[in-house]
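Peer 1: I'd like to ask some things about the structure below.
The values are calculated or read from the model by the stated rules, or taken from the named source; none is laboratory data. Treat the numbers as computed from the prediction; the structure is a model and nothing was measured. Cβ sites come from the backbone with ideal geometry, for glycine too, and all protein chains shown count toward neighbours. We work out accessible area using only protein heavy atoms, side chains counted, and drop any ligands, DNA or RNA first. Shrake-Rupley method; radii C 1.70, N 1.55, O 1.52, S 1.80 Å.
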Amino acid sequence: MITIRDEVRARFPTLRLALVKVLGVEVRRGRSAELEALVREAVDEVRSRYQLATLKDMPLFRAYRDFFWRLGIDPTKERPSAEALVRRVLSGKPFPTINNLVDAYNVASMRSGIPLATFDLDAIAGGRAELRFAKPGELFLGIGMRKPVELSGKELVIADLEGPIAVYPYRDSDRTKVTEQTKNVLVVSCGAPGVEARRLIEAAELAADYITRFCGGEAGPVELVPA
C-alpha cells in the first residue's frame, strides 16, 4: 500500500511506517458521550504526564524534532503532529473537534506520542502511495489551507499517482482527508530515526481500536514497512 523509496531508505535506514486499514467505518460529526469521556481522560493523562517547558526534551519528541532538523525543517514552526496535539492541551486549549473518526485517532496519536496520518482509502489515486522526497516546485494543498503551497524539495511526502497526500509527518492533504462520506481508511503510524518499530505498531493498533470502537468497521492486521 505504501512503499519507501530507495533514496529515503539510503538517508534514513532505520525509518519505518506501520500501516493498518479499517474498512466499513461510519463517520459522523460530533462525539458520542463515550468518545467525549475518552477525550477528557486522555487530556487529563497528558496534563499529568508532561510539562510544557520540558516537552521538547522528552526522548520520543526529541527524536522527531531531530529528524525535522535533518530535513532542514524548523520543528518550532512546523511541529510533528503528535507533539502539536500535546502542546495544544498543555497550553489550556480545547482538544480539536473534527469528526468521530479523526477525533478517535487524534486521541491515539496524543496518547502514544506518535504522529498518525489517516487517509480516505478510496481517495488514494491508484490505490497505492510511496514515501519520497518532494519535487522542487511540487504543489501541496493541506487540510485547512486556502491555497496550495509550493514545496522546496527537502520535505518528505507521502504521494500517490496524483501527487503528495501528506507532508511527512505533520500535515495531511485536503484531497484524501476523512469526511462523512468516507467508508474505508488507511492509518499510517509515522516513524522517525530512533523510534522503535514496537511503538509504531502499538500506536497503529491503538488507533484501529479507537476507530472501530467509535466508528464501527473492521481493522486488518498491522503491516510494518519495511518489514
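Peer 1: Step through the table entries K21/K77; K21/K56; K56/K177; K21/K93; K135/K183; K56/K93, compare each Cα-Cα distance with 23 Å, and write down the pairs that go over it. Can you show the working numbers first?
Peer 2: Numbers: K21/K77 31 Å; K21/K56 31 Å; K56/K177 28 Å; K21/K93 31 Å; K135/K183 31 Å; K56/K93 18 Å.
The pairs that break the limit, which is 23 Å between Cα atoms, are K21/K77; K21/K56; K56/K177; K21/K93; K135/K183.
Peer 1: Mind grabbing the accessible area of K147 for me, 1.4 Å probe, Å², rounded to tens?
Peer 2: 150 Å²
Peer 1: Under the Karplus relation 6.51 cos²θ - 1.76 cosθ + 1.60, θ = phi - 60°, what is the ordered set of whole-Hz ³J(HN,Hα) values for the stretch 12-29, x standing for Gly and Pro?
Peer 2: 10, x, 9, 6, 9, 10, 10, 10, 8, 9, 10, 10, x, 7, 10, 9, 9, 6
Peer 1: Apply 1/(1 + (r/R0)^6) to the Cβ-Cβ distance of R146 and D122, taking R0 = 22 Å, and write down the FRET efficiency to the nearest 0.05.
Peer 2: 0.30
Peer 1: Show the residues, 5+ positions off or on another chain, whose built amide H is closer than 5 Å to the amide H of L17.
Peer 2: V225
Peer 1: Summing +1 for each Lys or Arg and -1 for each Asp or Glu, what net charge is found among the other residues whose Cβ lies under 15 Å from the Cβ of F133?
Peer 2: +1
Peer 1: At 7 Å along Cα-to-Cβ for each site, give me the label-to-label distance between E7 and T97 in nm.
Peer 2: Each label point is offset 7 Å from its Cα along the Cβ direction, giving 4.5 nm.
Peer 1: Sticking with this one: Once each part is reduced to its C-alpha centroid, what is the distance from the stretch 1-49 to the stretch 107-126 in angstrom?
Peer 2: The distance from the Cα centre of the stretch 1-49 to that of the stretch 107-126 comes to 5 Å.
Peer 1: Going by accessible area, probe 1.4 Å, with all protein chains left in place, what is the ranking of I2, I201, largest first?
Peer 2: The residues order as I201, I2, largest area first.
Peer 1: If you count, for each residue, the other Cβ atoms within 10 Å and average over each peptide, how do 140-146, 12-18, 104-110, 204-210 line up from highest to lowest?
Peer 2: Highest to lowest by the protection proxy: 104-110, 204-210, 12-18, 140-146.
Peer 1: I need the phi-derived Karplus couplings for the stretch 91-96: 6.51 cos²θ - 1.76 cosθ + 1.60, θ = phi - 60°, integer Hz, Gly and Pro marked x.
Peer 2: So the Karplus estimates, Gly and Pro as x, are 7, x, 7, x, 5, x Hz.
Peer 1: Kindly provide the pair-distance distribution of the stretch 32-158 built from C-alpha pairs, with 10 Å bins from 0 and whole-percent values in order of increasing distance.
Peer 2: P(r) over the stretch 32-158, rounded to whole percents: 11, 36, 35, 17, 1.
Peer 1: For every helix of n ≥ 4 consecutive DSSP H residues, a contribution of -39,500 (n - 2.57) applies; sum these over the chain, divide by its total residues, and give [θ] at 222 nm rounded to the nearest 500 deg cm²/dmol.
Peer 2: Helices in the chain give a 222 nm mean residue ellipticity of -11000 deg cm²/dmol.
Peer 1: Which three extents, in whole angstrom, do the alpha-carbon atoms of the chain cover along their principal axes, largest first?
Peer 2: Largest first, the chain extends 45, 41, 37 Å along its Cα principal axes.
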